[in-house]
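S.K.: After the structure tokens below, expect a handful of questions from me.
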Ligand code: FES
């Protein structure tokens, strides 16, 4: 085999391996939902209502926060939950459209933040929300 062909083939193999690893990492993170990155201003987070047009569940990631906030639209009301497990503070994952689960010890919370399966005993922290014109305000 010529040196040039050897290099081409080995590069393709490396690229395929890297792509496979990336896909595995993405699926391992557990969230197929878009993440809306934003900042906190005066203990409030502002989210455009238009992001709920494509999906009633949005993951909001405030800058500098370790935990995301899941915002679920139900009819015309919104529920904002901190995705921090109440057992030992692990970051939660979206569990389909039915709620959130913890990969550390298996706690499961429903979409309103209520514990469905322990060891967690307390519901998720929720935030008050307010609709102002075309924006959703999450009060922290
Ligand atoms: S940290 Fe979530 S179940 Fe233990």
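S.K.: Return a yes/no flag: does the stretch 118-138 have any residue that is assigned to a strand (DSSP E or B), within 16 Å of the ligand (Cβ to nearest atom) and modelled with pLDDT of 95 or more.
M.R.: Looking for residues that are assigned to a strand (DSSP E or B), within 16 Å of the ligand (Cβ to nearest atom) and modelled with pLDDT of 95 or more, one finds none in the stretch 118-138, hence no.
S.K.: Applying the selection to the stretch 103-115, what residues are within 16 Å of the ligand (Cβ to nearest atom), closer than 26 Å to residue 43 by Cβ and surrounded by fewer than 19 Cβ atoms within 10 Å (Cβ to Cβ)?
M.R.: Across the stretch 103-115, the qualifying residue is only 114.
S.K.: If residue 54 passes every condition in (1) closer than 13 Å to residue 138 by Cα; (2) in a loop (DSSP other than H, G, I, E, B) but one, which one does it miss?
M.R.: Residue 54 satisfies every listed condition except (1).
S.K.: Additional query: Does residue 70 count as within 17 Å of the chain's Cα centre (by Cα), within 16 Å of the ligand (Cβ to nearest atom) and not in a loop (DSSP other than H, G, I, E, B)?
M.R.: Criteria met by residue 70.
S.K.: Please pick out the residue among 92, 81 that is assigned by TED's automatic domain parsing to the domain that holds residue 58, closer than 26 Å to residue 48 by Cα, within 11 Å of the ligand (Cβ to nearest atom) and touching a strand residue (DSSP E or B) at 6+ places or on another chain (Cβ under 6 Å).
M.R.: Answer to the check: 92.
S.K.: Condition (residue is within 16 Å of the ligand (Cβ to nearest atom), assigned by TED's automatic domain parsing to the domain that holds residue 110, surrounded by fewer than 14 Cβ atoms within 10 Å (Cβ to Cβ) and farther than 21 Å from residue 134 by Cα) applied to the stretch 44-65: is it met by at least one residue?
M.R.: no
S.K.: On the given criteria, is residue 100 at pLDDT 95 or above, touching a helix residue (DSSP H, G or I) at 6+ places or on another chain (Cβ under 9 Å) and either assigned by TED's automatic domain parsing to the domain that holds residue 46 or near the ligand (Cβ under 10 Å from one of its atoms) (or both)? Full working, then the answer.
M.R.: Values: at pLDDT 95 or above: yes; touching a helix residue (DSSP H, G or I) at 6+ places or on another chain (Cβ under 9 Å): no; either assigned by TED's automatic domain parsing to the domain that holds residue 46 or near the ligand (Cβ under 10 Å from one of its atoms) (or both): yes.
Taking the combined requirement at face value, the residue does not satisfy it.
The values are calculated or read from the model by the stated rules, or taken from the named source; none is laboratory data. Worth saying up front: this structure is predicted, and the values here are computed from it rather than measured. Neighbour counts are summed over all protein chains in view; Cβ atoms, including those assigned to glycine, are modelled from backbone coordinates with ideal geometry.
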